[in-house]
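Enquirer: One structure, pasted below without further comment.
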Amino acid sequence: SAVISQKPSRDICQRGTSLTIQCQVDSQVTMMFWYRQQPGQSLTLIATANQGSEATYESGFVIDKFPISRPNLTFSTLTVSNMSPEDSSIYLCSVEDRLAGGDEQYFGPGTRLTVT
Amino acid sequence: AQSVTQLGSHVSVSEGALVLLRCNYSSSVPPYLFWYVQYPNQGLQLLLKYTSAATLVKGINGFEAEFKKSETSFHLTKPSAHMSDAAEYFCAVSAGGFKTIFGAGTRLFVKA
């Protein structure tokens, strides 16, 4: 299994500003994922981040709004740019353990973002 | 492509009673199926997974789930609920190398 930490755990930001969320894994992983979980809802995949290549974004999410970095096999960042109140959500990073033989994912504790 | 449907956004049981959380899936290829639990202010934690081995899968904290292909179901059960089981539970499916799809979630309430 993998242990994942995220920073910050929560933040309150003003509209129009940007926030960068960090995700650190205790082991080297190929695939990292960024999800958004809006209040009372399920997870929505924002993008998949592979080391050494551009992130792959899901429909409805664009790089200008959610730029992602993946400089090495244990770290990634997600930036929420030009924030609006609609961006208030929990942002989760996860990694996939294909060696476990089943595509299971391990999640960080999440970053709770409130935009005022 | 695949999809997953969780029946019931909220389930309430008494402490000591049976827990049954329902999940139905759709997949054009043999799927992997998962149940995750999310406690307040935490990320998701894997409870159990089905990967085409035994159809009855046992997980952590006394939970188990049975894969029923004929019913396309993967319901989660626990014989006796504990107060600490109160959380949000997500069923998820992945298949054929496609991304994992999560259900809408079921919030479990446990009454004393």
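The values are calculated or read from the model by the stated rules, or taken from the named source; none is laboratory data. Not measured: the values here are computed from a predicted model. For neighbour counting, all protein chains shown are included, and Cβ atoms are generated from backbone atoms with ideal geometry for every residue, glycine included.
Enquirer: Taking segment B:56-112, which residues are within 12 Å of B:Tyr32 (Cα to Cα) and touching a Pro at 6+ places or on another chain (Cβ under 8 Å)?
Expert: B:Val93, B:Ser94, B:Ala95 - these are the residues of segment B:56-112 that are within 12 Å of B:Tyr32 (Cα to Cα) and touching a Pro at 6+ places or on another chain (Cβ under 8 Å).
Enquirer: Another question, then. Within segment A:49-70, can one find any residue that is within 14 Å of chain B (Cβ to nearest Cβ) and in contact (Cβ under 8 Å) with a residue 24 or more places away in the chain?
Expert: Yes, segment A:49-70 contains a residue that is within 14 Å of chain B (Cβ to nearest Cβ) and in contact (Cβ under 8 Å) with a residue 24 or more places away in the chain.
Enquirer: Scan segment A:1-32 for residues that are assigned to a loop (DSSP other than H, G, I, E, B), under 24 Å from A:Thr114 (Cβ atoms) and touching a strand residue (DSSP E or B) at 6+ places or on another chain (Cβ under 7 Å) and jot them down.
Expert: If the condition is that a residue be assigned to a loop (DSSP other than H, G, I, E, B), under 24 Å from A:Thr114 (Cβ atoms) and touching a strand residue (DSSP E or B) at 6+ places or on another chain (Cβ under 7 Å), then A:Pro8, A:Ser9, A:Arg15, A:Ser18 are the ones that fit.
Enquirer: Still on this model: Kindly indicate whether B:Val19 is in contact with a helix residue (DSSP H, G or I) (Cβ under 8 Å, 6 or more places away or on another chain) and either basic (Lys, Arg) or modelled with pLDDT of 95 or more (or both).
Expert: Against the criterion (in contact with a helix residue (DSSP H, G or I) (Cβ under 8 Å, 6 or more places away or on another chain) and either basic (Lys, Arg) or modelled with pLDDT of 95 or more (or both)), B:Val19 qualifies.
Enquirer: Among the strands (runs of 3 or more DSSP E) lying completely within segment B:54-112, list those that include at least 3 residues that are within 10 Å of another protein chain (Cβ to nearest Cβ).
Expert: The qualifying strands (runs of 3 or more DSSP E) are B:87-94.
Enquirer: When segment B:8-27 is examined, which residues are found to be assigned to a strand (DSSP E or B), surrounded by 14 or more Cβ atoms within 10 Å (Cβ to Cβ) and either small (Gly, Ala, Ser) or in contact with a Lys or Arg (Cβ under 8 Å, 6 or more places away or on another chain) (or both)?
Expert: Selection gives B:Val11, B:Val13, B:Val19, B:Ser26, B:Ser27.
Enquirer: Now a separate question. Can you find even one residue in segment B:3-19 that is more than 14 Å from chain A (Cβ to nearest Cβ), of a type in the set (S, T, N, Q) and under 25 Å from A:Leu92 (Cβ atoms)?
Expert: Among the residues of segment B:3-19, not one is more than 14 Å from chain A (Cβ to nearest Cβ), of a type in the set (S, T, N, Q) and under 25 Å from A:Leu92 (Cβ atoms), which makes the answer no.
Enquirer: Look at segment B:41-53 and say how many of its residues are of a type outside the set (Ser, Thr, Tyr) and either buried (at least 17 other Cβ atoms within 10 Å of the Cβ) or more than 14 Å from chain A (Cβ to nearest Cβ) (or both).
Expert: Qualifying residue count, segment B:41-53: 6.
Enquirer: Look at A:Tyr35 and say whether it is at pLDDT 95 or above, crowded, with 16+ Cβ neighbours inside 10 Å and closer than 25 Å to B:Tyr32 by Cα.
Expert: yes
Enquirer: Could you identify the single residue in B:Leu48, B:Leu33, B:Leu20, B:Leu76 that is without any contact (Cβ under 8 Å) to a residue 40 or more places away in the chain and of a type in the set (A, V, I, L, M)?
Expert: Among B:Leu48, B:Leu33, B:Leu20, B:Leu76, only B:Leu48 is without any contact (Cβ under 8 Å) to a residue 40 or more places away in the chain and of a type in the set (A, V, I, L, M).
Enquirer: Does segment A:81-95 contain any residue that is in a helix (DSSP H, G or I), surrounded by 14 or more Cβ atoms within 10 Å (Cβ to Cβ) and over 12 Å from the mean Cα position of the chain (by Cα)?
Expert: Yes, segment A:81-95 contains at least one residue that is in a helix (DSSP H, G or I), surrounded by 14 or more Cβ atoms within 10 Å (Cβ to Cβ) and over 12 Å from the mean Cα position of the chain (by Cα).
Enquirer: To continue, here is another question. Go through segment A:33-48 and report how many residues are assigned to a strand (DSSP E or B) and either among the β-branched types (Val, Ile, Thr) or more than 9 Å from every other protein chain (Cβ to nearest Cβ) (or both).
Expert: Residues flagged as assigned to a strand (DSSP E or B) and either among the β-branched types (Val, Ile, Thr) or more than 9 Å from every other protein chain (Cβ to nearest Cβ) (or both) within segment A:33-48 amount to 6.
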